[in-house]
1. Before we move on, is residue 190 open to solvent by 70 Å² or more (accessible area, probe 1.4 Å) and either touching a helix residue (DSSP H, G or I) at 6+ places or on another chain (Cβ under 8 Å) or without any contact (Cβ under 8 Å) to a residue 24 or more places away in the chain (or both)?
2. Conditions first: (1) surrounded by 12 or more Cβ atoms within 10 Å (Cβ to Cβ); (2) closer than 24 Å to residue 167 by Cβ. Residue 100 passes all but one, so which condition is the exception?
3. Evaluate the following for residue 199: is it open to solvent by 20 Å² or more (accessible area, probe 1.4 Å) and of a type outside the set (A, V, I, L, M, F, W, C)?
4. Considering only residues that are free of Cβ contacts under 8 Å to residues at least 40 places away in the same chain and in a loop (DSSP other than H, G, I, E, B), look in region 43-77 and name the one that is most open to solvent (accessible area, probe 1.4 Å).
5. Using beta carbons and a limit of 6 Å, which pairs, at least six apart or on different chains, have the first residue in region 7-20 and touching a residue at least 40 places away in the same chain (Cβ under 8 Å) and the second one surrounded by 15 or more Cβ atoms within 10 Å (Cβ to Cβ) and hydroxyl-bearing (Ser, Thr, Tyr)?
Amino acid sequence: MNQDALIYLKNISKSYGSQMVLDDFNLYIRENEFLTLLGPSGCGKTTTLRILGGFETPDKGTVLFNNEDITNLSPNKRQLNTVFQKYALFTHMNIAENIAFGLKIKGKSKSYIDDKIKYALKLVNLDGYEKRMPDSLSGGQQQRIAIARAIVNEPKVLLLDEPLGALDLKLRQDMQYELIRLKNELGITFIYVTHDQEEALTMSDTIVVMNQGYIQQIGTPEKIYNEPENAFVADFIGDSNILDGIMVKDELVQILGANFSCVDSGFGLNKPVDVVIRPEDVELVDEKDGTITGTVTHLIFKGVHYEMEVTANGFEWLVHSTNCFPVGTKVGIHVKPFNIQIMNKPESEDEEASHVEE
């Protein structure tokens, strides 16, 4: 086991009826890490969180916390607290009573509870809200109260299940920064579930990309975005041009009949591969200067950049550029060698890329 790991999910399998949700799943989570489980609906990320929180029991495998087996421990005995998408505030209780609920169950003194309520409200920037009722608060404020209620119990780990899903875009972005600030101030481990790639890239120290119960890739946001391990990760994280290629030899790949220099090696000779090129890495140049040529077929202004589609050699290239090329313009396409990502083609549709972080 990784000695730095606070939590180790070891050989976890979970089925509902005939549907396998997690299959021999392994994951290390370090102390003070902001780790995000990212993937499409049904990939197993919420089931993973519920197993961690004690709301589900795996069919097989072990959950270790600080080297102790907590697989069958009830949720209230774990040093973890969960914040759900539906905030589950008690509507008949005011804010102070909501925050104090867990502390009262633990039999803490009134003065201790009062201090903790004040501390938690200050931390989530809602000082003076003690007497307010939940239904008088906005969605973002209710979310912060749900977080405050979890924080006062001093968990070692905070589990967050799509907690920003019900908020509008501006509020969601504000709450992302709030969560980063809280994580840094509190020094606790955050385990966050989302299907929103931007959220994952913005907040995480580590992203775990999941699909069909398997881990596809684990890494920093930069690594996941810039060096996806397979076409699924490349397609799920941001926009990508994903093309069939032939690895002619080391550092030379054939795409759509044209040879492009790249920096990858070790794939063999004339080997079929997947090629990923991000839209911002496609350079539109004069026709005579491109590796291949094409025609601009669509153009949208996105504020920060122009988004264009360029038909070249039978493929619709997605291009992001600060330069505008009107529809109908003949252009050359150039891609720098280090901006071309080469990946092995999977042998089967659900082949998993990796199980355990290296």
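The values are calculated or read from the model by the stated rules, or taken from the named source; none is laboratory data. Predicted model only: the values in this text are computed from it and were never measured. Virtual Cβ from ideal backbone geometry, glycine too; neighbours counted across all protein chains shown. Protein only, heavy atoms only, side chains kept; ligands, DNA and RNA dropped before computing areas. Shrake-Rupley method; radii C 1.70, N 1.55, O 1.52, S 1.80 Å.
1. Spelling it out, it is not the case that residue 190 is open to solvent by 70 Å² or more (accessible area, probe 1.4 Å) and either touching a helix residue (DSSP H, G or I) at 6+ places or on another chain (Cβ under 8 Å) or without any contact (Cβ under 8 Å) to a residue 24 or more places away in the chain (or both).
2. Every condition holds for residue 100 apart from (2).
3. no
4. 72
5. 8/28; 14/47
The rows are residues; the columns are (1) in the same structural domain as residue 306 (by TED's automatic domain parsing); (2) under 28 Å from residue 188 (Cα atoms); (3) surrounded by 15 or more Cβ atoms within 10 Å (Cβ to Cβ); (4) touching a Phe, Trp or Tyr at 6+ places or on another chain (Cβ under 8 Å).
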residue	(1), (2), (3), (4)
204	no, yes, yes, yes
221	no, yes, yes, no
232	no, no, yes, no
244	yes, no, no, no
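For every residue, the table says whether it meets (1) over 21 Å from residue 196 (Cβ atoms); (2) in contact (Cβ under 8 Å) with a residue 24 or more places away in the chain; (3) part of a helix (DSSP H, G or I); (4) not charged (D, E, K, R).
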{"position": "104", "(1), (2), (3), (4)": "yes, no, yes, no"}
{"position": "112", "(1), (2), (3), (4)": "yes, no, yes, yes"}
{"position": "121", "(1), (2), (3), (4)": "yes, yes, yes, yes"}
{"position": "126", "(1), (2), (3), (4)": "yes, yes, no, yes"}
{"position": "130", "(1), (2), (3), (4)": "yes, yes, no, no"}
{"position": "140", "(1), (2), (3), (4)": "no, yes, yes, yes"}
{"position": "146", "(1), (2), (3), (4)": "no, yes, yes, yes"}
{"position": "176", "(1), (2), (3), (4)": "no, yes, yes, yes"}
{"position": "179", "(1), (2), (3), (4)": "no, yes, yes, yes"}
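Residue by residue, here is whether (1) under 11 Å from residue 335 (Cα atoms); (2) in contact with a helix residue (DSSP H, G or I) (Cβ under 9 Å, 6 or more places away or on another chain); (3) of a type in the set (S, T, N, Q) holds:
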| site | (1), (2), (3) |
| --- | --- |
| 254 | no, no, yes |
| 258 | no, no, no |
| 262 | yes, yes, no |
| 271 | no, no, no |
| 282 | yes, yes, no |
| 292 | yes, no, no |
| 296 | no, no, no |
| 301 | no, no, no |
| 305 | no, yes, no |
